[in-house]
Amino acid sequence: MRMVMCREATRLMSKNLDAPLGFQERMSLKFHLAMCGACRKCNQQFQLIHDAGKAFEEKASSPPFDTNDQTT
Ligand SMILES: [Zn+2]
């Protein structure tokens, strides 16, 4: 299997947020994360950002204000 550099691993992580990785890419990333603590941390950050983005999208799709809004 091809060894991936941290730079490539990071690229795969960010790509993974947009679309699922292919099998080869997933395995390369997984293998790199298994031996690179720095990228494991980085991947966690990506995951957090991804989850936060999802939560934001869910909020954005609901009405901006509650019916009992008291800002007026
Ligand atoms: Zn790395």
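Throughout, read-outs are computed from the coordinates displayed, never taken from laboratory work. Computed from a prediction, not measured in an experiment: that's the story for all the values here. In this analysis, Cβ positions are derived from the backbone assuming ideal geometry, glycine residues included, and neighbour counts consider all displayed protein chains.
Estimated from the Cβ-Cβ distance and a Förster radius of 22 angstrom, the FRET efficiency linking Gln24 and Gln44 is about 0.45.
In order along region 29-36, the phi-based Karplus estimate (6.51 cos²θ - 1.76 cosθ + 1.60, θ = phi - 60°) of 3J(HN,Hα) comes to 5, 4, 5, 5, 4, 5, 10, 10 Hz; Gly and Pro are listed as x.
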